[in-house]
Amino acid sequence: MKKVLQILGGIIAVVYVVIIVIVTALLLGYNQYKVTQFNNKSLIIINEKSAKYQNGDLAIFTKPNNDLVNINDEVFFYDVSNGEVTINLGVVTKKDKINDTETTFTINGSHEVSSSMLIGKCSDAKIYSKLGAILRVLESKFGYLLIVILPTLILFLYEIYRVIIEIKTPVTVKEE
């Protein structure tokens, strides 16, 4: 029974370390808009229910080449207004190519968006149901504190306690 508990404890410890590493990597991958981004992939946590998405879904977008975005494509984009950044969903109604690397998209008929502010096309997104809600908690200040920092601190203090107990325990020498 003791061996089974040791194996189970080892498995839990490995899973815990993997979760810590993943969450830390996701937080370190934040871009200037506080969205996790690795190379051309962005992880968006859906905050509102719509016909296509549920609150708490995790959507992974690949930033498309400007030539692959067409009129009537549904896209997610960063909207910066009054110094605040929001992530919005809209339909491309017009496309103006500025040069080889820059294109301006008109979204919903009135909102002009630079291609640098485009996150990705909805048709190319990979959706993971409810995983975004878990990630939202893990990436929050209190979630990271309670799930990563606090248990690590407790383990550290426990190890210090064990070292102190070990130092205070008298050594007995057997005489032969």
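For every residue, the table says whether it meets (1) at pLDDT 90 or above; (2) under 21 Å from Ser115 (Cα atoms); (3) of a type in the set (A, V, I, L, M, F, W, C); (4) open to solvent by less than 60 Å² (accessible area, probe 1.4 Å).
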{"residue": "Lys3", "(1), (2), (3), (4)": "no, no, no, no"}
{"residue": "Gly9", "(1), (2), (3), (4)": "no, no, no, yes"}
{"residue": "Val14", "(1), (2), (3), (4)": "yes, no, yes, no"}
{"residue": "Gln32", "(1), (2), (3), (4)": "no, yes, no, no"}
{"residue": "Leu43", "(1), (2), (3), (4)": "yes, yes, yes, yes"}
{"residue": "Glu48", "(1), (2), (3), (4)": "no, no, no, no"}
{"residue": "Ala51", "(1), (2), (3), (4)": "no, no, yes, no"}
{"residue": "Ala59", "(1), (2), (3), (4)": "yes, yes, yes, yes"}
{"residue": "Leu68", "(1), (2), (3), (4)": "no, yes, yes, no"}
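Quick one: in segment 72-101, which of the residues that are at pLDDT below 90, under 25 Å from Ile60 (Cβ atoms) and hydroxyl-bearing (Ser, Thr, Tyr) is least open to solvent (accessible area, probe 1.4 Å)? The extreme case among them is Thr86. Restricting to segment 38-64, name every residue that is assigned to a strand (DSSP E or B), out of contact with any Gly (no Cβ under 6 Å at 6 or more places or on another chain) and among the hydrophobic types (A, V, I, L, M, F, W, C). Within segment 38-64, Leu43, Ile44, Ala59, Ile60 meet the criteria. One residue stands out in segment 4-35 among those that are of a type in the set (Ser, Thr, Tyr) and in contact (Cβ under 8 Å) with a residue 60 or more places away in the chain: the one that is farthest from Leu135 (Cα to Cα), namely Tyr16. Annotation: of all residues in segment 115-137 being under 15 Å from Val35 (Cβ atoms) and in a helix (DSSP H, G or I), the one that is nearest to the chain's Cα centre (by Cα) is Leu135.
For segment 138-176: of the residues being more than 17 Å from Thr36 (Cβ to Cβ) and among the basic types (Lys, Arg), which is most open to solvent (accessible area, probe 1.4 Å)? That would be Lys174.
The values are calculated or read from the model by the stated rules, or taken from the named source; none is laboratory data. Remember, it's a predicted structure, so these values are computed and weren't measured experimentally. As a convention, Cβ positions derive from the backbone with ideal geometry for all residues, glycine included, and neighbour counts pool all protein chains shown. For accessibility, only protein heavy atoms count, side chains too; no ligands or nucleic acids. Shrake-Rupley method; radii C 1.70, N 1.55, O 1.52, S 1.80 Å.
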